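Worksheet: one structure, shown below.
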Amino acid sequence: MASTATLSSLSLLLFLFSLCLQGTYGDYGGWESAHATFYGGGDASGTMGGACGYGNLYGQGYGTNTAALSTALFNNGLSCGSCYEMKCNDDPKWCLPASITVTATNFCPPNLALSNTNGGWCNPPLQHFDLAEPAFLQIAQYRAGIVPVSFRRVPCVKKGGIRFTINGHSYFNLVLVTNVAGAGDVRAVSIKGSNTGWQPMSRNWGQNWQSNSYLNGQTLSFQVTTSDGQTVTSLNVAPSGWQFGQTYEGNQF
């Protein structure tokens, strides 16, 4: 009886621990099917910029393991920063055995002049990843062009804290939020000056978040919430002498 009670208690503890993990890291779901192509050249220089607003992906720490998402996955830019584990499958002629993790940094636009099975790879409702060429070559051979893949959302692992790049001008603060770990895809941002309370920001485009308050000469704090509902607060990230065009590093998930 004592042994049975111990096992029951252990099972309950393991169950509660799994719930805690899910609450902390989010429920990222199982494997799904899609297709992948590639773009941007052998050095991935053609992937710089993009619809998420990240600019220089090397400088922002995203490197070459990046992807442009089709309409079905991009979610009007809300998926920017999300991470996916991916492997090529069901094509032994072209697939390689490795799996990769990529970050969503761009949008793959539809081409409605072409059919979904012949060039319109990113047309709705298709789930499609247009990978940076170096990423694609880790899972498939160059001559394949397009391959079937299995993918799943995974937590993002980033070095250092969340980065806030302040652009714009007085009364128009446009803050680019990058290097976000955990779920990766930011759903809400709030800003606080040393002379104000917390103010919600509106998403302008990609992961550029906008405030129309006059915040010059104030230290700035930020709150970032990702799609799994987790929030991290970074107090006094930017000093009172902050300048437009500068980047400041906060806390991390």
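Overview of results
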item	result
Where the chain is the region considered: accessible area per residue in Å², 1.4 Å probe	48 Å²
Scattering profile of region 141-253 at q = 0.15 Å⁻¹ [log10 I(q)/I(0), Debye over alpha-carbon scatterers]	-0.63
Mean ellipticity per residue at 222 nm, deg cm²/dmol - from DSSP H runs of n ≥ 4 across the chain, formula -39500 (n - 2.57)	-4500 deg cm²/dmol
Spin-label proximity, Asn216 to region 167-201 - amide N less than 15 Å from point 7 Å beyond Cα toward beta carbon	167-174
Filtered trypsin sites (Lys or Arg not before Pro), region 121-178: DSSP coil and at most 15 other beta carbons within 10 Å	Lys159
Qualifying aspartates and glutamates (Cα of each under 18 Å from Cα of Lys192; at least 8 residues distant if same chain)	Glu249
Gain on full stretching of the segment that runs from Val157 to Asn236 - 0.36 nm per residue minus C-alpha separation	26.0 nm
Accessible area of His35 in the full protein assembly, 1.4 Å probe (Å², nearest 10)	90 Å²
Computed E for Thr117/Asn251 - FRET, C-beta separation, R0 51 angstrom, nearest 0.05	0.65
Carbon + sulfur, % of accessible area of the chain - ligands and nucleic acids excluded, 1.4 Å	55 percent
For the chain: rounded, prolate or oblate by the Cα gyration tensor [a/c cutoff 1.5]	oblate
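The values are calculated or read from the model by the stated rules, or taken from the named source; none is laboratory data. These numbers come from a predicted model, not from an experiment. Virtual Cβ from ideal backbone geometry, glycine too; neighbours counted across all protein chains shown. Keep in mind that these areas ignore ligands, DNA and RNA; they rest on the heavy atoms of the full protein, side chains included. Shrake-Rupley method; radii C 1.70, N 1.55, O 1.52, S 1.80 Å.
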